[in-house]
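The structure appears below as structure tokens.
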Amino acid sequence: MNILLVEDNADHRELMSLALTGHDPAWQVEVVVSGEEALSRLAEGIAYDLVLLDYRLPKRDGLEVLEEIKQGVVPPPVVMITGEGDEEVAVEALKGGAYDYVVKTGEYLQRLPVVAHRAMEAHHLVVERRRAEQALRESEKKYSALVENSPDIIYVLNPEGNFSFVGGDVKSLLGFISTDLIGKHFTSIIWPEDVEKAQWHFNERRTGERGTKRLELRLATKQRNGKPFDIRYRAIEVNAFGMYDKSVSAKDKKFFGTYGVARDITDRKQAEEALRLSNEELLNEHNQRKLLSKRRIELLEKDRHEIAMELHDHIGQILTSLKMNLELLNDELKTTNPDLVYKTKPIEQRIVETLKEVKNVSHGLRPSILDALGLVPSLRELFNDIQRDTDIKIKFFSRNIPKKFAPEKALAIYRIAQEALTNVVKHALSKEVFVNLIKKDKKLSLSVEDDGVGFDQEKARKPSKRKGPFGLLIMRERAIQIDGEFSIESQIGKGTHLLVEIPL
């Protein structure tokens, strides 16, 4: 501690210095003999923790010096030292801002260190309080600037739910100024449809980890001269926490209110809504395309069925009738003109071959065996026919396939397999094909893999005047119609792998 002793009497200076350093050796005592010298030391900026100021000084008395000392920014505490009989001076000194006074009586040297210690302690508390207050002011100023410049709305509600503080960007977001909302209940700016939800969260009074987080609400904007703000409401995301007295037990703690931050998410919600509408539009378009595709496939199957029936019932019957008539003619020629019988044999053979071809075409258009025996036997017959007419070897494996299930799904799987094998025969130059039909859990998967030449998938996706990807498109559409998934992988020179999965 640095003490400035202002005393012109040499004996008193020495005695007081000894009394002070004897009380606490850490005290540093500097002695001056006049008020002018004391003021000069203080003007130099030397920090003193205490000034012991004698009243009777040459040229200027202690009261005058005290008055000048107290004009400093942070003046040190002053203890006035007076002679016996100067009690009125002591009172004036106290009025002038002195912390205390000491009268030079017989025991004043014992009292002086005690008063000095008390004065410095009190001054230390004052200085610390001023520093804390200054720090608080600076902190408040800094955080006030942060709050006022925040793009969010920062608020405090009292226990009843009324605004006690509102800061941030409330004006540009809602059209209000802070004073418009102070004292009003928070529900006054909540969009009517969201009031119940907002009240429930406020009444929960949760804090800490259980506080309200990412609560989405809508805030009504201010009406200006009967005209609405630029938008009727703002979508916000709220993080809020209850405030409690932490100095008491959890059982007895008092609820002080709620503080929170409301962030504007209007742009995000508008973007989400636009995305939702776009997705809805895309879904509608997808469903429309799906319906059109379904209708196209239904018409295709109907045409195939009608053509198959026409071939089987009409043309087949005509050819059968021709064959029977030719046989009758042969019987007659055997007795009337045997030499002509051999000439009818090629005609009969051609009719038999044509009947067989009509049967094959009719079967390809509408496999009657599919309705009668189910999917697996129909596929086996299809693969046997292909192996009989080509050099391709087909290895077919099936597991857990029910004999009967949804006819439209059985037909779709059959058609996809038929189209896939047709592509293999026409384009793949394959020697071996592996076909797996497996039911697992509630899914049916069809896998067709060949060892052919493969193709460029990127080129296959591009439109072409040739048939190109049309077969792939039909297979994909058939899978989609039965809520299935269609995928195909192919590389030039490495064959093709097709996979279809449908729910059962």
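The values are calculated or read from the model by the stated rules, or taken from the named source; none is laboratory data. As the structure is a prediction and not an experimental result, all values here were calculated from the model. As a convention, Cβ positions derive from the backbone with ideal geometry for all residues, glycine included, and neighbour counts pool all protein chains shown.
Counting only residues that are free of Cβ contacts under 8 Å to residues at least 24 places away in the same chain and not in a loop (DSSP other than H, G, I, E, B), which one in the stretch 57-88 is surrounded by the most Cβ atoms within 10 Å (Cβ to Cβ)? The qualifying residue surrounded by the most Cβ atoms within 10 Å (Cβ to Cβ) is 87.
If we scan the stretch 455-464, do we find a residue that is modelled with pLDDT of 90 or more, more than 30 Å from residue 288 (Cα to Cα) and within 43 Å of the chain's Cα centre (by Cα)? Within the stretch 455-464 (the criterion being modelled with pLDDT of 90 or more, more than 30 Å from residue 288 (Cα to Cα) and within 43 Å of the chain's Cα centre (by Cα)), the answer is no, since none of the residues qualifies. All conditions in (1) at pLDDT 85 or above; (2) in a helix (DSSP H, G or I) hold for residue 176, with the sole exception of (2). Taking the numbered list (1) of a type in the set (Val, Ile, Thr); (2) touching a residue at least 24 places away in the same chain (Cβ under 8 Å); (3) surrounded by fewer than 18 Cβ atoms within 10 Å (Cβ to Cβ); (4) part of a helix (DSSP H, G or I) in turn, residue 91 passes all entries but (2). Suppose the filter is at pLDDT 90 or above and of a type in the set (Gly, Ala, Ser); does residue 119 pass it? Considered against the rule, which asks whether it is at pLDDT 90 or above and of a type in the set (Gly, Ala, Ser), residue 119 comes out as yes.
Could you say which residue among 213, 171, 222 is farther than 16 Å from residue 261 by Cα and out of contact with any Lys or Arg (no Cβ under 6 Å at 6 or more places or on another chain)?
None of the others qualify; the one that does is 222.
So, in the stretch 20-54, exactly how many residues are on the phi > 0 side of the Ramachandran plot and in contact with a Pro (Cβ under 9 Å, 6 or more places away or on another chain)? Here the count works out to 0. Quick check: is even one residue across the stretch 16-24 crowded, with 19+ Cβ neighbours inside 10 Å and free of Cβ contacts under 8 Å to residues at least 60 places away in the same chain? Checked the stretch 16-24: no residue is crowded, with 19+ Cβ neighbours inside 10 Å and free of Cβ contacts under 8 Å to residues at least 60 places away in the same chain. Listed by position, the helices (runs of 4 or more DSSP H) inside the stretch 348-460 whose residues that are buried (at least 17 other Cβ atoms within 10 Å of the Cβ), touching a strand residue (DSSP E or B) at 6+ places or on another chain (Cβ under 6 Å) and assigned by TED's automatic domain parsing to the domain that holds residue 484 number at least 2 are 407-423. Summed over the stretch 151-180, residues that are over 22 Å from residue 243 (Cα atoms) and of a type in the set (Ser, Thr, Tyr) total 2. Only one of the listed residues (424, 433) is modelled with pLDDT of 90 or more, within 20 Å of residue 474 (Cα to Cα) and in contact with an Asp or Glu (Cβ under 8 Å, 6 or more places away or on another chain). That residue is 424.
Within the stretch 142-152, can one find any residue that is part of a loop (DSSP other than H, G, I, E, B), under 18 Å from residue 238 (Cα atoms) and at pLDDT 90 or above? Scanning the stretch 142-152, I find no residue that is part of a loop (DSSP other than H, G, I, E, B), under 18 Å from residue 238 (Cα atoms) and at pLDDT 90 or above, so the answer is no. Number of residues in the stretch 190-215 that are outside any helix (DSSP H, G or I) and touching a helix residue (DSSP H, G or I) at 6+ places or on another chain (Cβ under 8 Å): the value is 3.
Per-residue answers, yes or no, for (1) farther than 18 Å from residue 101 by Cβ; (2) part of a loop (DSSP other than H, G, I, E, B):
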site	(1), (2)
4	no, no
8	no, yes
12	no, no
16	no, no
21	yes, no
26	yes, yes
31	yes, no
41	yes, no
46	yes, yes
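A Cβ distance below 6 Å, combined with a sequence gap of six or more or placement on separate chains, defines the contacts here; from the stretch 319-330, residues that are without any contact (Cβ under 8 Å) to a residue 24 or more places away in the chain reach residues that are in a helix (DSSP H, G or I) in the pairs 330/341; 330/344. Only one of the numbered conditions (1) among the β-branched types (Val, Ile, Thr); (2) closer than 18 Å to residue 117 by Cα; (3) touching a helix residue (DSSP H, G or I) at 6+ places or on another chain (Cβ under 7 Å) is not met by residue 82, and that is (2).
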